[in-house]
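The values are calculated or read from the model by the stated rules, or taken from the named source; none is laboratory data. Owing to the predicted nature of the structure, the values given are computational and were not obtained by experimental measurement. Glycine also receives a Cβ, built like all others from the backbone with ideal geometry; neighbour counts cover every protein chain displayed.
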Amino acid sequence: MRLIAANGENVGIVPIREALRMAREAELDLVEVAPNSNPPVCRIMDFGKFLYEREKKEREARKAQTKIEVKEIRLRPKTTDHHRDFKVDDARRWLEHNMKVRVTIRFRGREISYPELALEDLKEIAQILSDISVIEQPPAIEGRGMSMVLAPARGKKKPKEAHKVSAEPSLEQSESTRE
C-alpha cells in the first residue's frame, strides 16, 4: 500500500504490517483514504480529530446556508382592494426580508367558473410588487385555487430613501429661525 505520513509526506509503498507499526509508534491511526486506487492509499492521522474537524466544517457550512422561507397570503376573488392592500403590504415586508411569497386565491362554489378574475388580481399584485420581486412561478390553477410564487429580486435597490432625514434644514425651518 502507498503510505502518507502524519506530516503529509509521501513515504512510498510499504507493507501493511510496516504501516501499522509506524502508526503505533506515532500513537496515531492508520486510515485508508483511497481504497480503489492501485495500490490503495493509507494515511497516518488522528482519526478522532479528523472526524471532529470534518463535523465542524459541516456545521459552519450549514450556518452559512440561507434558509428561504415561503410565506403565503390568501385571498378570494371578491376580496376588496382595501383588504388586498393590507395583504400586499405584508408581502412587501416579507420580500424585503428575503422571503418568498405565495399568493393564493381560493375559489368557493361557482367562483371557479371565472378564473380570469383571479388571474387579473394576481397580475395586479405582481405589478404592484414588481419593484422588489420577480415572478418565480407564474399563476396556475391548483385544485380550487389559483396561486403564484414571488421571489425577492436580486440586485434591485429597496426604496428606503423616503425614510432618510435630510441634514439640511427645510425652507420653512430656516425662515422661522430668521424672524
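Within the range 5-14, restricting attention to residues that are without any contact (Cβ under 8 Å) to a residue 12 or more places away in the chain and loosely packed, with under 13 Cβ neighbours inside 10 Å, which residue is nearest to the chain's Cα centre (by Cα)?
If we take residues in the range 5-14 being without any contact (Cβ under 8 Å) to a residue 12 or more places away in the chain and loosely packed, with under 13 Cβ neighbours inside 10 Å, then Gly8 is nearest to the chain's Cα centre (by Cα).
Scan (1) assigned by TED's automatic domain parsing to the domain that holds Asp131; (2) loosely packed, with under 12 Cβ neighbours inside 10 Å; (3) basic (Lys, Arg) for the single condition Arg84 breaks and write down its number.
For Arg84, the exception is condition (2).
Tell me, yes or no, whether the range 16-31 has at least one residue that is in a strand (DSSP E or B), of a type in the set (A, V, I, L, M, F, W, C) and closer than 30 Å to Arg93 by Cα. Spell out how you get there, then give the answer.
First pass over the range 16-31, keeping only residues in a strand (DSSP E or B): 29-31.
Right, trim to of a type in the set (A, V, I, L, M, F, W, C) and you get 30-31.
Among the residues that remain, those that are also closer than 30 Å to Arg93 by Cα are: none.
No, the range 16-31 contains no residue that is in a strand (DSSP E or B), of a type in the set (A, V, I, L, M, F, W, C) and closer than 30 Å to Arg93 by Cα.
Among the candidates Arg43, Arg106, Arg93, Arg110, single out the residue that is in contact with a strand residue (DSSP E or B) (Cβ under 6 Å, 6 or more places away or on another chain), basic (Lys, Arg) and within 30 Å of Gly145 (Cα to Cα).
Arg106
Looking at the range 69-84, can you tell me whether even one residue there is in contact with a strand residue (DSSP E or B) (Cβ under 9 Å, 6 or more places away or on another chain), modelled with pLDDT of 90 or more and part of a helix (DSSP H, G or I)?
Yes, because at least one residue in the range 69-84 is in contact with a strand residue (DSSP E or B) (Cβ under 9 Å, 6 or more places away or on another chain), modelled with pLDDT of 90 or more and part of a helix (DSSP H, G or I).
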